[in-house]
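The values are calculated or read from the model by the stated rules, or taken from the named source; none is laboratory data. Owing to the predicted nature of the structure, the values given are computational and were not obtained by experimental measurement. Ideal geometry is used to build each Cβ from the backbone, glycine not excepted, and the neighbour counts take in all protein chains shown.
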Amino acid sequence: KKVNNYDTLLIGSQVLKVNDEPVDKILGKYKKTIASDGYNTTFYNRFMAQHFGKLYIRDRGFQDSIQVTFQKKDSVYSKMFRYVKSDSVYYAPEK
């Protein structure tokens, strides 16, 4: 179901894998690159939430699509995200 152009399946879901690689493994690798005092764990979580996409592209290079596996409650599902050129999509706001 979509509400206001957002896929409601994604809201509240946990990411399990990105391109068939466990997200814990990816986050562990990126955690080593973040300078922290080691005590402020909320900083790490907030930083990863805000910068994961940038770190992933820097590490893996630009990809035109990625497969993400999610879990919500007792369901596991995958979704393919594809790059779309900004000039190929026209968004007309509803009046």
*Among the residues of segment 48-88, which ones are of a type in the set (A, V, I, L, M, F, W, C) and either part of a loop (DSSP other than H, G, I, E, B) or more than 13 Å from the chain's Cα centre (by Cα) (or both)?*
62, 76, 84
*Taking segment 20-73 only, how many residues are within 25 Å of residue 9 (Cα to Cα) and not acidic (Asp, Glu)?*
28
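Can you confirm whether segment 26-47 contains a residue that is touching a residue at least 60 places away in the same chain (Cβ under 8 Å), touching a strand residue (DSSP E or B) at 6+ places or on another chain (Cβ under 7 Å) and surrounded by 12 or more Cβ atoms within 10 Å (Cβ to Cβ)?
no
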_Considering residues of segment 4-24 that are among the hydrophobic types (A, V, I, L, M, F, W, C) and surrounded by 10 or more Cβ atoms within 10 Å (Cβ to Cβ) only, the residue modelled with the lowest pLDDT_ = 9
*Exactly one condition in (1) out of contact with any Leu (no Cβ under 9 Å at 6 or more places or on another chain); (2) part of a helix (DSSP H, G or I) is not met by residue 11; state its number.*
(2)
